[in-house]
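First the structure, in the form of structure tokens, and then the observations on it.
The values are calculated or read from the model by the stated rules, or taken from the named source; none is laboratory data. Computed from a prediction, not measured in an experiment: that's the story for all the values here. Cβ coordinates were reconstructed from backbone atoms using ideal geometry, including for glycine residues, and neighbour counts include every protein chain displayed. Side chains are part of the model used for accessible areas, which takes the heavy atoms of the whole protein and leaves out ligands, DNA and RNA. Shrake-Rupley method; radii C 1.70, N 1.55, O 1.52, S 1.80 Å.
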Amino acid sequence: MKPFRRRGDDVVARLDPAEAGVLGLLLDQLEQLLAADPADVEGDPVLDRLLPAGHRSDPQLAADYRELTEAALRSGKTDDLAAVRATLAAGGGVVRLDREQAGAWLRTTNDLRLALGERIGVTEETEPPDDPTGEEGQQLAVYYWLTALQGSLVDAVAAGRAGRR
């Protein structure tokens, strides 16, 4: 992956076919989770992370908050997923994003990192595994790759904002 860079008003990166494929699979998984019937995925720690409780110590307030916000949060995340999918070439290649699309990518890569991190148990103490070829090592490699991708996008977006001042 060549990290995102500023090109005029846009941010641009090149993803190789494997990177685009992994990102596509992660988008599919998140999309399926968000589209699932809430009753079928109640208590899923990933959804609890992506759709946090509005109040931790008062279950009734938390339930009321979720009732008021969950549909809009799911819809926004679904819209962002669609924007990322629309700008991602399935076979890899150049990704060129305007300001709005870059925002969708930032929110979606954050959601993907949160979801993957929750699934594989990433904490502040998590370190690279001894065996990077094992399943845990591969999952962590994807997590770290998402982190680098998101970081390069943050830097490219910030460079554009600094240039407009």
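Worth a mention:
- Against the numbered list (1) under 19 Å from the mean Cα position of the chain (by Cα); (2) in contact (Cβ under 8 Å) with a residue 12 or more places away in the chain, Pro128 comes up short only at (1).
- Total residues in region 87-108, condition small (Gly, Ala, Ser) and closer than 19 Å to Asp9 by Cα: 3
- Region 19-36, subset open to solvent by less than 70 Å² (accessible area, probe 1.4 Å) and small (Gly, Ala, Ser), residue nearest to the chain's Cα centre (by Cα): Gly24
- Filtered residue count, region 74-119, keeping only those that are hydrophobic (A, V, I, L, M, F, W, C) and assigned to a strand (DSSP E or B): 3
- Selection within region 120-162: residues that are among the β-branched types (Val, Ile, Thr) and outside any loop (DSSP other than H, G, I, E, B). The member of this set that is most open to solvent (accessible area, probe 1.4 Å) is Val154.
- When residues of region 5-18 are limited to those that are among the hydrophobic types (A, V, I, L, M, F, W, C) and in contact with a Gly (Cβ under 9 Å, 6 or more places away or on another chain), the one most open to solvent (accessible area, probe 1.4 Å): Ala18
- Counting only residues that are over 10 Å from Leu23 (Cβ atoms), out of contact with any strand residue (DSSP E or B) (no Cβ under 7 Å at 6 or more places or on another chain) and not small (Gly, Ala, Ser), region 83-100 holds 2 of them.
- Criterion violated by Ala102 - all others in (1) surrounded by fewer than 13 Cβ atoms within 10 Å (Cβ to Cβ); (2) modelled with pLDDT of 95 or more satisfied: (1)
- One residue stands out among those in region 75-98 that are over 17 Å from the mean Cα position of the chain (by Cα) and among the charged types (D, E, K, R): the one that is surrounded by the fewest Cβ atoms within 10 Å (Cβ to Cβ), which is Asp98.
- Selection status of Ala72, surrounded by fewer than 11 Cβ atoms within 10 Å (Cβ to Cβ), of a type in the set (A, V, I, L, M), over 25 Å from Ala20 (Cβ atoms) and without any contact (Cβ under 8 Å) to a residue 12 or more places away in the chain: yes
- Yes/no for Arg107 being among the basic types (Lys, Arg), out of contact with any Leu (no Cβ under 8 Å at 6 or more places or on another chain) and at pLDDT below 95: no
- Residues in region 107-119 that are under 15 Å from Leu81 (Cα atoms) and open to solvent by 40 Å² or more (accessible area, probe 1.4 Å): Arg107, Asn110, Arg113, Leu114.
- For region 53-69, the set of residues classified as open to solvent by 30 Å² or more (accessible area, probe 1.4 Å) and either within 24 Å of Val157 (Cβ to Cβ) or assigned to a helix (DSSP H, G or I) (or both) consists of Pro59, Gln60, Leu61, Ala63, Asp64, Tyr65, Arg66, Glu67, Leu68, Thr69, listed by residue number.
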